[in-house]
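Presented below is the structure to which this report refers.
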Amino acid sequence: MIGRTGTLLEVDDLRVTFPTRTGMIEAVRGVSFSLGRERLGIVGESGSGKSQTGRAIMGLTPPQARISANKLTFDGIDLLGISPRQRRALRGNRIAMILQDPKYSLDPVMSIGRQIVETLRTHEKVGKAEARERALAMLEAVQIRDPKRVFDLHPHEVSGGMGQRAMIAMMLIAGPEMMIADEPTSALDV
C-alpha cells in the first residue's frame, strides 16, 4: 500500500547525532530523499552515515542517538512520532533491514531455521509445519544448497556467505513492502 502521493518512504533533512566526550558528533547530516516502489542506492565512503541512515529509518539506533528530521514517514506514518511498540510492529512485516554482518545479527544460540520460522510466525498466523516449509523454501530461494541441513545449523556452523543468505531469507520471509540492505553482498561468496 503506497500513500496518496505514491511515496512509500519520505526522508527530509534526516540528522543522527551521538554524544561524545568532546561534544556531539553528527553521523548523518541532512539526508533527504523520497522513495516509491523503486530501488535506491546510497553510496558513500566508510563512515559517511549510510548504515546509520538505515538504522534511523528502522528505529534501530542506540538509545543515546538523537534523531531529527523535518519529515521521516513510511506510507504516511510519522516514524518519529510513533511509539516503540508501533515501530516494532512495522519492522519485519512492512519494513525490513538486512544488516551488514550476520555474525552479529543472527542469534548464536538458536538454529537458523528456528530464527526464520519465528520471524514468519511473529508476523503471520501460520502453524509450525507451514512455517517450516516456507522457511525451507525461502532458504532454497536464496540459493542455499542443502536447506534441510542448514535449517538445523546454528550461525557459527555456517560460512559468512551462508549466514548472510540466511539473514536475507529471514528478512524476506514476511514479505515486507520495503527492504533496506546494508551492504548485503559483503559476506556473500559469489
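Observations, loosely collected:
- Selected residue [within 29 Å of F74 (Cα to Cα) and either of a type in the set (K, R) or surrounded by 18 or more Cβ atoms within 10 Å (Cβ to Cβ) (or both)] from I144, I116: I116
- Candidates A69, A56, A65 - the one that is more than 19 Å from the chain's Cα centre (by Cα), surrounded by 16 or more Cβ atoms within 10 Å (Cβ to Cβ) and not assigned by TED's automatic domain parsing to the domain that holds I168: A69
- Checked against (1) in contact with a helix residue (DSSP H, G or I) (Cβ under 7 Å, 6 or more places away or on another chain); (2) surrounded by 14 or more Cβ atoms within 10 Å (Cβ to Cβ), D152 passes all but a single condition, namely (2).
- The lone criterion from (1) in contact with a Leu (Cβ under 8 Å, 6 or more places away or on another chain); (2) surrounded by fewer than 19 Cβ atoms within 10 Å (Cβ to Cβ); (3) not hydroxyl-bearing (S, T, Y) left unmet by K103 is number (1).
- Qualifying residue in segment 14-23 (condition: hydroxyl-bearing (S, T, Y) and either closer than 20 Å to M97 by Cα or in contact with a Leu (Cβ under 6 Å, 6 or more places away or on another chain) (or both)): no
- Members of segment 63-95 that are under 20 Å from V31 (Cα atoms), touching a residue at least 40 places away in the same chain (Cβ under 8 Å) and of a type outside the set (S, T, N, Q): A65, R66, I67, A69, K71, L72, F74, D75, G76, I95
The values are calculated or read from the model by the stated rules, or taken from the named source; none is laboratory data. No experiment lies behind these values; they were computed from the predicted model shown. Neighbour counts are summed over all protein chains in view; Cβ atoms, including those assigned to glycine, are modelled from backbone coordinates with ideal geometry.
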